[in-house]
Structures are given as structure tokens and as C-alpha cells.
Amino acid sequence: MRLKITGLLLIFSVVVGMAQQKKWTLEECIMYAEENNISIAQSELDFEEVKIGESDAFGNFLPNANASITTSANTGLSFDPTTQEPVTTTILTANGGLSSNVNLFNGLRNINRLRRAKMNSLASQYRLDDLKDDIRLNVAFAYLNIISAKETLVTQKAQYAVTEQDLKRTSELVDAGVLPKGDLLEIEATAAGQEQQIVLTENQVIISKISLAQLLQITDYNNFDITEIDIDVPQSEILIQTPKEIFAKALSFRNDIKFSESNVALAEQDLKISKGALLPSLVGFFNYNTRYSDQERFNNITGLLERESFSNQLWQNDGISYGVQLNVPIFNRFENKNNIKRAEINILRSELQLEQNKLQLETDINQSYVDVKSFAKAYEAAEKTLEARRLAYDYSKERYEVGLMNAFEFSQTQSRVDNAEADVIRTKYDYIFRIKVLEFYFGIPLSLD
């Protein structure tokens, strides 16, 4: 028994350990967000509700069927419903029936409603897919923020290690009387500032992880982490395409554009439904009714008062009616006319919204195209600046060690290197994200490979 318990505990520990060591790739984060994000879950419920509307539209072609039964008691003068004779007593009666109606023609509105319901289902799917596109971009942005913060943290720790060496060396020179104590205090201040930056960046890593975990609906923030990867600036060929070419490609598959186009089609279908109300409608109907009374009747054969059984009365007193009803709209206080005008206005509004969305998409693509180019130049300039700052730092370090530069000036040189390295990391990931956004507009899936 002890061996079994020990074995189970060991297995449990291994499973827990594996769960805690889980490192998420970008692709895994995107897939998990699509399955668990609250906004997507809400949109999926909306889509299911729209599908129910499609079932409603199909049901309009089918006949309805209803059953009814009524029982009542009357005291005093009343009429027996089975004989239509007046009686002065307490009478118990029951009426029952079945009825059914079916639309034979209603201006093609049922056909157009079914078509509209199918269009609405497609539009709802486009809306859901568009939301997933937004979530994918948000996940990618949050993922890159974590990588950027981690890379910044590594750089800051490396800078702090160099400062510790300088601090140790300066301390020895101060103890030997070669350098004044003020130089040591200046290096200590630099080290303290770097420690503060490390703490802030560590907090930024934590906050970035929490932001991504919340997009994925993961609450175990302490054990959530992403894979440790080194990302080089991608050699993308997206800039070979012109903004017009990217825009033309985006129009063919972007879900937000398809959703807007679907709204135009829905508005046009609403106009057809509104015009259908001007045409006559034809309804077929069928009714079956029967009744029962507890009153006794005179039997001509036996000469006695007798009460017919419940079942006999149901058969003897039943009746059937059926037929068709034609309704012709003549005047309905301008309701149909105004509904048609509203539908026509809604078509124009949907068309304008479609054009507005296309213009916005074109603007976003042009902005992303310019961003890629500008951030590429910013990243290139940041690298050149960093290279120059490092050369200046090396030169300043040599001067400082031989006493030709004081600690404050040397500290300023080191701060410039720190800032330049931070700029390189920031512009690098800004550039990578803009490339991914522009590629996404061109239909290239999000990936860090």
C-alpha cells in the first residue's frame, strides 16, 4: 500500500511539474485564445442564436396545429350548447377543438425571410471570424511584449554585471588612493539606478505575462510563461508589394469587409420583404370542433330522460370547417409604404458603411506600410547609434582607467549605451510587429518562424 501511495504521489508530482513547466508558443496561444477567449465565446453564442433564426424562417413554410379545450358551469337560465335549448339549472359543458393554418402565399415574404436568415448566418460567421482576427493580433502583440521585456531584462542584467566589475575595480583604486571617493559614489549611484531599472523591467515581464494570460483566460499567472526563443528581424518580402496590391488582396478575404458586404445584402433582402407586404396573401385553414353537456335528454324510444355518454356526445356533436382566406391590403395607415422607405434608407446606409470600411482598411494598410518602412529605418538607426555608443564607451573606459575622465562623465557614457541598447530592443520589436500586421493584411498567418 505504501509503495502504491508513493508511486501515485510521484506520478502526481511529475504531472504537476510538467504543467508548471509548460512553455507556450505563439501558435498555441492563438489557438487557445480562439477556444477560450470570453469575447469569442460570446460571439459564438450570438452565432448560435442566429442559426435558430434560420430554423424559425424555415418553420414559416409549415402549417401550425393547435388544440383547445374549455369547460364551464352555468347556473340559472342558459342554453345547452349541444341542443341549443334553454334550461334553468346548473349545466356543465365542455368544448374542444383542433385548428390548423398554412400560408399559401404571402407576397413571397417567407421565401425572402428564409433567404435573409441564411444571409444573416453567413454575416454572423464573418463577424465571428473578424473578431478572431482581432484576437490573433492582440495575442501576437502581447506575446512580443513579453519577449521584448525579457530581452530588455537580459540586457540590463548584463549591463549591471559590467557595472559591478567597474564598481569593484573603482573600489580597489579608491582604497589605493588612485581615485577620489566621489568616483566610487558615482559608480554606486549608476549601479543603484540599474538595479531599479531591473526591478521595473521584471515587473513589466510579469504584467506582460498577465496581459497575455488574460487574453487566453488563464488564471494561473505564476506558472504561465512562453517559450524562450531568439527572434531575428524577419527577411519579409511584403514590401515588394505596393499598398494598392496589398489592399486589393485584403478586399478578397478580410472578414470585416465580407461582413459589411453581407449587411448590404441583408438590407436589400429586407426591402424585398417590405415590398411583399403590398401583395395579397392567401391562407388555408382547417378546424375541428366538438362539445359535451351533462344535461339529460328525452329518449323518444324509451320515453325516459337519459344522459348521453361522454364519448357518444363527442362524436355526435363534432363538426369540421375548412377553406381559404384571401387578404388584400388596401390601406394600412402608410405602414407598408414607410417600411419600404426605411428599407431603402437602410440599403444606402449599409452601402455607405461598406465604403467607409473599405476606406478605413486602405488607410490602415497605408499606415502599416509606412510604419514598416519608418520602423525599419528607426531600427537601423538605433543599431548604428548603439555601435557608436559602445565605441565611445570603450574609449571613455580607457580614459577613465588612466584618470583622464572623471566618474560622472564615465557614468554618462555608460547611460548612453544603456539607453541605446533599450532603443534597439524597442525599435526591433516595433518593427517585427508592424511587419506581422502588414503580412496579416496580405493573408499571411501570424508566426514567429
| request: Any residue in the range 24-39 that's assigned to a strand (DSSP E or B): show its pairings with residues that are surrounded by fewer than 16 Cβ atoms within 10 Å (Cβ to Cβ) at Cβ separation under 8 Å, as long as the two are six or more apart or on different chains. | output: W24/T227
| request: Could you run through the range 220-238 and say how many residues are open to solvent by less than 60 Å² (accessible area, probe 1.4 Å) and assigned to a helix (DSSP H, G or I)? | output: 2
| field | Of all residues in the range 255-285 being touching a Leu at 6+ places or on another chain (Cβ under 8 Å) and not in a helix (DSSP H, G or I), the one that is nearest to R307 (Cα to Cα) | value | G284
| query | Any idea which residue in the range 256-291 is farthest from S100 (Cα to Cα), counting only those that are of a type in the set (D, E) and open to solvent by 50 Å² or more (accessible area, probe 1.4 Å)? | reply | E261
| message | Let me confirm something: among A343, A381, which residue is surrounded by 13 or more Cβ atoms within 10 Å (Cβ to Cβ), over 30 Å from I187 (Cα atoms) and modelled with pLDDT of 95 or more? | response | A343
| query | Condition test on L361, is it aliphatic (A, V, I, L, M) and surrounded by fewer than 18 Cβ atoms within 10 Å (Cβ to Cβ)? | reply | no
| query | Would you pick out the residues in the range 56-74 that are within 30 Å of R109 (Cβ to Cβ) and open to solvent by 70 Å² or more (accessible area, probe 1.4 Å)? | reply | D56, F58, F61, L62, P63, A65, N66, A67, S68
| query | Only one residue in D175, D183, D133 is acidic (D, E) and within 30 Å of N357 (Cα to Cα), so which one is that? | reply | D133
| field | Whichever residue in the range 103-127 is open to solvent by less than 10 Å² (accessible area, probe 1.4 Å) and either under 30 Å from A422 (Cβ atoms) or in contact with a Ser or Thr (Cβ under 7 Å, 6 or more places away or on another chain) (or both) and, among such residues, is modelled with the lowest pLDDT | value | G107
| said: Tell me the residue from Y395, Y431 that is open to solvent by 40 Å² or more (accessible area, probe 1.4 Å), part of a helix (DSSP H, G or I) and out of contact with any Leu (no Cβ under 9 Å at 6 or more places or on another chain), please. | reply: Y395
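The values are calculated or read from the model by the stated rules, or taken from the named source; none is laboratory data. Every value quoted in this text rests on a predicted model; they were computed, and no experiment measured them. When we count neighbours, we look across all protein chains shown, and the Cβ atoms used for this are built from the backbone with ideal geometry, even at glycine. With ligands, DNA and RNA removed, areas are computed over all heavy atoms of the protein, side chains included. Shrake-Rupley method; radii C 1.70, N 1.55, O 1.52, S 1.80 Å.
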